[in-house]
1. What FRET efficiency do you get for residue B:47 and residue B:71 if R0 is 56 Å and r is their Cβ-Cβ distance, rounded to the nearest 0.05?
2. Sorted by packing (mean other beta-carbon atoms within 10 Å per residue), highest first, where do B:83-91, A:168-176 land?
3. Based only on Cα atoms, what mean projected area does the convex hull of region B:40-115 have, in nm²?
4. By count of other Cβ within 10 Å, fewest leading, how are B:175, A:167 ordered?
5. Arrange B:137, B:54 by Cβ neighbour counts within 10 Å, fewest through most, would you?
6. State whether region A:40-177 is rounded, prolate or oblate according to the following rule on the C-alpha gyration tensor (a ≥ b ≥ c being the square roots of its eigenvalues): a/c under 1.5 gives rounded; otherwise a/b larger than b/c gives prolate, and the remaining case gives oblate.
7. Return the whole-Å distance between the Cα centroid of region A:98-166 and the Cα centroid of region B:110-176.
8. Let's test the formula: R0 of 30 Å, r as the Cβ-Cβ distance of residue A:128 and residue A:41. What FRET efficiency results, to the nearest 0.05?
């Protein structure tokens, strides 16, 4: 029996109605992601550097050859909380050998430089390895600030009988947004 | 003609004596009747299914992070809906979404998007996983049907850390309205 062509065509049309895209008048959405400036961030730091001849029979104090400089970018425009820097130093190690926990890192008070006058409280630190202390607390206008401790205000006390060598320690600086209470 | 005349007088009096006019008009009414008018909306013989509109803009905002991986919740501008017109209630449909090239662009380059999800669907997905609107059931599946946008989120990466503060990434989601079944 011969099937009429129009029946075949009709059957094909019905089959095609399943899961078929149909006309769309408006069919797109724009997606936009804005990368906004970090409202409060550390933009750069330097580390103190020490060198000297270690005397094995007495404690020695080394003076840094480089200042400690920390730049803070504060773009918080909706509130006026102070910000705070905290400082931590790890143990000084030469490979697997450590100078131990009797190393004292002393950091004198620094100066905060901003484009507008700012209130700040700079602290003197006397740190043992692993300790964290407050370095400075400041209340600034939205601006980039620079906190600097002069090289000669940073000293390192090495215990007696220390083994000579090249030692390294990790400096960790934490920036905190301090809520007003 | 007489009634018309009375009404005309009453109307003229109304401007001065309000209640008198009503009484005169009531006197001319000799009976009331009512005719109920029904308008029945039934399924059309045709099967019009139209994607009328979709949201104009999905916005996201973030600060930079050093991991290069971002997962963000977004906002739908003016709470716009996905709007479908359907004149046949037993006609099932879905709307699927697809982000062009599965990526976003900025002046610094192209950034791969791993998920762009809302309404339980993902514009990065395929098949059933990228469905972001589905027909309701029964009579509500007719006329103009709006679907809200919920749980809008995106995950993308910047593995080389090339994004900068102030950058804007843009992309386009395209929608397809699918006629899933048409039993008629």
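1. Result of the calculation: an efficiency of 0.85.
2. Working: B:83-91: 20.2, A:168-176: 13.9.
Put in order of decreasing packing, that is B:83-91, A:168-176.
3. Working: hull surface 31.8 nm².
Quarter of the Cα hull surface area: 7.9 nm².
4. Fewest-to-most ranking of B:175, A:167: A:167, B:175.
5. Numbers: B:137 10, B:54 26.
In order of increasing Cβ crowding within 10 Å: B:137, B:54.
6. Details: a/c = 2.81, a/b = 2.41, b/c = 1.17.
Judged from the Cα gyration tensor, region A:40-177 comes out prolate (a/c at least 1.5, a/b above b/c).
7. 49
8. Numbers: r = 28 Å, r/R0 = 0.95.
In this case the efficiency is close to 0.60.
The numbers here are math on the coordinates, done by the rules we state, and not lab data. As the structure is a prediction and not an experimental result, all values here were calculated from the model. Heads up, the Cβs are rebuilt from the backbone with ideal geometry, glycines too, and the neighbour counts pull from every protein chain shown.
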